[in-house]
Amino acid sequence: MKIGFDAKRAFHNFRGLGNYSRDLIASLSRYHTEHSYYLFTPDFNDDRAIHWLDQYNNLNVVRPKDFVSRKFPASWRSFKVAQEAKDLELDIFHGLSHELPQGIEKTGIKTVVTIHDLLFLRFPQNFKWLDRQVYFKKIKYATEVADVVIAICEQTKTDLINYLGCSAEKIRVVYQTCNPRFYSPIPVEKQVATVERYGIHDKFILYVGAIEPNKNTMTLVKAYADLKKSINHKLVIVGNGGKYKKQVESYIHSKGLEDRVIILSNVTNDDLPAFYQRSDLFCFPSFFEGFGIPIIEALFSKTPVITSKGSVFPEAGGPNTIYVDPNNKQELSEQISNVLTNHDLAFEMVEMGRNFVEKFHRRQTAQNLVDLYNSL
């Protein structure tokens, strides 16, 4: 098959949606070389994107060709890609993040669109009015014209039905993976050397993710503050943010926790697995996620996980992760103490969690996706 992708975020985004795009494309490229892959993207010059592309020799990049398309890449993606996909005689076009090019339904090409979440409808207060209108228009169109809508979890499938009236028969849940750098153990000496380069010399609890209200980082810091006299672990927060981050930093300062709670905004992707594997516990008390990739990164890293009840979290964390009410800092404190002091519990969480997360290995997620393509 000749399969095309809206791959803008694979080359221009280096957070969640970009990671999803790169991991999906890389998995197909490695495990399913019988197909041809075409990546539609505006021009790019980021060294990270160039390095990623150089690792694969069976990917065909399709960029805007004429001056106007290069000058206005958003217009090219919306209004010209469908015709270019038809000219290439693609069998399938897959929009990897919420949208499909206008007119794709008239080309005879089978279409798939991935919907990660509908946070702009669940939490409209966190999004600008104009952004919400644009997101709604794009997602509504894509889900209406697509032959198959991929939801990355059962929670997103439910939201698509409830918020957009999308037909349940049209939606397929296909789980995503994380980067394979998290799959393999790192020698202890390298773990230690890596985290020490960032000034971490003690045992620690880990959080990875944006520092923003929906991620609920403040509750984690408050729960940790209640434990500071009873545990020796530090709290390491890997992530960045804006106004909310400043509020978290202000609270840390008010409690005199500057030497106990460390915020790192410069940890590279290559170094991140060492943080997971070196930590004794991963805490992720988010209110809501599209999926929760950091959870499976931690499970692949053989680190026990505490996260939130409900939503998508049990799908990502499995039966041996501990789930707490994200609004209840006392419950979070108690479970942190429980995991750090009960070594048998922590060992069981690690071993069973690693077995569970194998379902998200990219070999399996790639096969699930190809099975879907073959069904069209």
Accessible-area order for R132, R197, R22, largest to smallest, probe 1.4 angstrom, reads R197, R132, R22
Residue-normalised value, i.e. accessible area per residue, for region 301-356 at 1.4 Å probe, in Å², stands at 45 Å²
Taking the chain and counting helices only, DSSP H stretches of n ≥ 4 at -39,500 (n - 2.57) each over all residues, the nearest-500 ellipticity at 222 nm comes to -13500 deg cm²/dmol
Filtered hits (aspartates and glutamates, Cα-Cα < 15 Å from K65, offset >= 8 within chain) -> D43, E84, D87
Taking a probe of 1.4 Å and leaving out DNA, RNA and ligands, region 142-244 shows per residue an accessible area in Å² of 44 Å²
Rounded to the nearest 0.05, FRET efficiency between E196 and N240 (Cβ-Cβ, R0 30 Å) equals 0.90
Hits in region 71-98: amide N under 15 Å from the 7 Å Cα→Cβ extension of K106, namely 78-87
Residue separation between K359 and M1 times 0.36 nm, minus their alpha-carbon distance, gives in nm 126.3 nm
Counting only protein heavy atoms with a 1.4 Å probe and every protein chain in place, the carbon and sulfur fraction of the accessible surface of region 145-207 in whole percent equals 49 percent
Check: C-alpha center region 7-86 vs C-alpha center region 126-170, spacing in Å is 23 Å
Spelling it out for V312: with amide H atoms placed in the peptide plane at 1.01 Å from N, the residues 5 or more places away or on another chain with amide H under 5 Å from its amide H are E289
Quick calc, the chain, dipole around Cα centre from Cβ unit charges on Lys, Arg (+) and Asp, Glu (-), nearest 20 debye, gives 900 debye
Mean Cβ-within-10 Å packing, highest first, puts peptides 93-99, 139-145 in the order 93-99, 139-145
Taking a straight Cα-to-Cα line shorter than 26 Å from K359, and setting aside same-chain lysines fewer than 8 residues away, one finds K157, K170, K215, K302, K309
The set of residues whose placed amide H lies less than 5 Å from the amide H of L264, leaving out same-chain residues fewer than 5 positions away, is I237, V238, G239
Row for region 25-71, column shape: gyration tensor on C-alpha, a ≥ b ≥ c, rounded if a/c < 1.5 i.e. under 1.5, prolate if a/b over b/c, else oblate; value oblate
Set K80/K138; K8/K245; K128/K255; K228/K329; K203/K243; K128/K246, cut-off 25 Å on Cα-Cα distance; pairs above it are K8/K245; K128/K255; K203/K243
Here the net charge surrounding I293, from other residues whose Cβ is less than 15 Å away from its Cβ (Lys, Arg +1; Asp, Glu -1), is +2
Quick shape check on region 183-239: root eigenvalues a ≥ b ≥ c of the Cα gyration tensor, a/c under 1.5 is rounded, otherwise prolate if a/b tops b/c, else oblate, and it reads oblate
The extension gain from D43 to E154, computed as 0.36 nm times the residue separation minus the Cα-Cα distance, is 36.5 nm
By the C-alpha gyration tensor axes a ≥ b ≥ c (rounded if a/c is under 1.5, else prolate when a/b exceeds b/c, else oblate), the shape of the chain is prolate
Full extension between K65 and D259 adds, at 0.36 nm per residue less the Cα distance, a length in nm of 64.5 nm
Restricting to Cα pairs under 8 Å and 6 or more apart, the percent relative contact order of region 240-376 works out to 20 percent
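The values are calculated or read from the model by the stated rules, or taken from the named source; none is laboratory data. Predicted model, so just to flag it, every value in this text is computed and none were measured. Ideal geometry is used to build each Cβ from the backbone, glycine not excepted, and the neighbour counts take in all protein chains shown. With ligands, DNA and RNA removed, areas are computed over all heavy atoms of the protein, side chains included. Shrake-Rupley method; radii C 1.70, N 1.55, O 1.52, S 1.80 Å.
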